[in-house]
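These notes concern the structure reproduced below.
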Amino acid sequence: AQSVTQPDIHITVSEGASLELRCNYSYGATPYLFWYVQSPGQGLQLLLKYFSGDTLVQGIKGFEAEFKRSQSSFNLRKPSVHWSDAAEYFCAVGAGDYKLSFGAGTTVTVRA
Amino acid sequence: DAGVTQSPTHLIKTRGQQVTLRCSPISGHKSVSWYQQVLGQGPQFIFQYYEKEERGRGNFPDRFSARQFPNYSSELNVNALLLGDSALYLCASSQDQGSQHFGDGTRLSIL
């Protein structure tokens, strides 16, 4: 069975500081991995995805993520956060576009 | 290009009633998926349809059903509503093996 664990429920970070969100997955084959962001009252926006190839993936809004097969991890990073990055972030695993399994999410608060 | 559109945006129902939620995919996308997101949790997979055929079903009771139309739009139906069905229902569309693109969802409240 496939599953995703996001160990951090809530993270607070100062504006301009770096951010790292953790994601661990369980999947029986080569995983397709995704990070989505959700602002209050809205749907999910795709930040980045990993299907194959280079294990360091660049996404939108200055985010990047690194796939580490040995650790079953796909952590999301941003070097310098902006107040507009305050949102909920979800990691997901699946077989391409099929039947994604999401983590419980990490809420990011940005303080001035 | 228009993104995934869902209607209605908000809905209030009472226990035992039935509800139909609607989704229009991005133009050219033939696959539509439905997810339920309960407050404070991540989305849970309900159904996926591809070319009007059910491609997969999540762990939801038979009260939940869906269909996809020739224009690739989709409906999600829930019968005999329970308080626990209160959630944000998200629709996502994709091209085959592509990334899923989500709509803003329908917020369903059960009284």
How do the pairs read when you match residues in segment A:98-109 that are under 15 Å from A:GLN2 (Cβ atoms) with residues anywhere that are open to solvent by less than 30 Å² (accessible area, probe 1.4 Å) and outside any strand (DSSP E or B), using Cβ under 6 Å and keeping only pairs 6 or more apart or on different chains?
A:PHE102/B:GLY42; A:PHE102/B:PRO43; A:GLY103/A:GLN6; A:GLY103/B:GLY42; A:ALA104/A:GLN6; A:ALA104/B:GLY42
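Would you mind finding the one in A:GLN6, A:GLN2, A:GLN42 that is under 23 Å from B:ALA87 (Cβ atoms) and surrounded by 19 or more Cβ atoms within 10 Å (Cβ to Cβ)?
A:GLN6
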Contact list please: Cβ distance under 6 Å, first residue in segment A:1-21 and under 26 Å from B:GLN44 (Cα atoms), second residue surrounded by 15 or more Cβ atoms within 10 Å (Cβ to Cβ) and of a type in the set (A, V, I, L, M, F, W, C), pairs at least six apart or on different chains.
A:GLN2/A:VAL93; A:VAL4/A:CYS91; A:VAL4/A:VAL93; A:GLN6/A:CYS23; A:GLN6/A:CYS91; A:GLN6/A:ALA104; A:ILE11/A:VAL108; A:LEU21/A:LEU76
Looking at segment A:62-87, I want the residues that are hydroxyl-bearing (Ser, Thr, Tyr) and have a partner that is assigned to a strand (DSSP E or B) and open to solvent by less than 40 Å² (accessible area, probe 1.4 Å) with Cβ atoms under 9 Å, at least 6 apart or on another chain. Which pairs are those?
A:SER72/A:TYR25; A:SER73/A:TYR25; A:SER73/A:PHE67; A:SER80/A:LEU19; A:SER84/A:VAL110
Against the conditions (1) over 23 Å from B:GLY3 (Cβ atoms); (2) within 12 Å of chain A (Cβ to nearest Cβ); (3) polar (S, T, N, Q); (4) not in a loop (DSSP other than H, G, I, E, B), where does B:GLN36 fall short? Just the number, please.
(1)
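Only residues that are open to solvent by 80 Å² or more (accessible area, probe 1.4 Å), more than 19 Å from A:GLY105 (Cβ to Cβ) and over 14 Å from the mean Cα position of the chain (by Cα): list them for segment B:36-54, please.
If we filter segment B:36-54 for residues that are open to solvent by 80 Å² or more (accessible area, probe 1.4 Å), which is where we start, we get B:39, B:41, B:44, B:52-54.
Among the residues that remain, those that are also more than 19 Å from A:GLY105 (Cβ to Cβ) are: B:52-54.
Once the filter is applied, which keeps residues that are open to solvent by 80 Å² or more (accessible area, probe 1.4 Å), more than 19 Å from A:GLY105 (Cβ to Cβ) and over 14 Å from the mean Cα position of the chain (by Cα), segment B:36-54 yields B:LYS52, B:GLU53.
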I'm trying to understand the selection: among the residues of segment B:95-111, which are open to solvent by 20 Å² or more (accessible area, probe 1.4 Å), closer than 14 Å to B:LEU11 by Cβ and either under 11 Å from the mean Cα position of the chain (by Cα) or within 14 Å of chain A (Cβ to nearest Cβ) (or both)?
B:ASP104, B:ARG107, B:SER109
Looking at B:ALA80, B:ALA92, which one is more than 14 Å from chain A (Cβ to nearest Cβ) and either assigned to a loop (DSSP other than H, G, I, E, B) or in contact (Cβ under 8 Å) with a residue 60 or more places away in the chain (or both)?
B:ALA80
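The values are calculated or read from the model by the stated rules, or taken from the named source; none is laboratory data. None of the values given here were measured: they were computed from a predicted structure. All Cβ positions, even for glycine, are placed from backbone atoms using ideal geometry, and neighbour counts span all protein chains on display. The accessibility values were calculated without ligands, DNA or RNA, using every heavy atom of the protein model including side chains. Shrake-Rupley method; radii C 1.70, N 1.55, O 1.52, S 1.80 Å.
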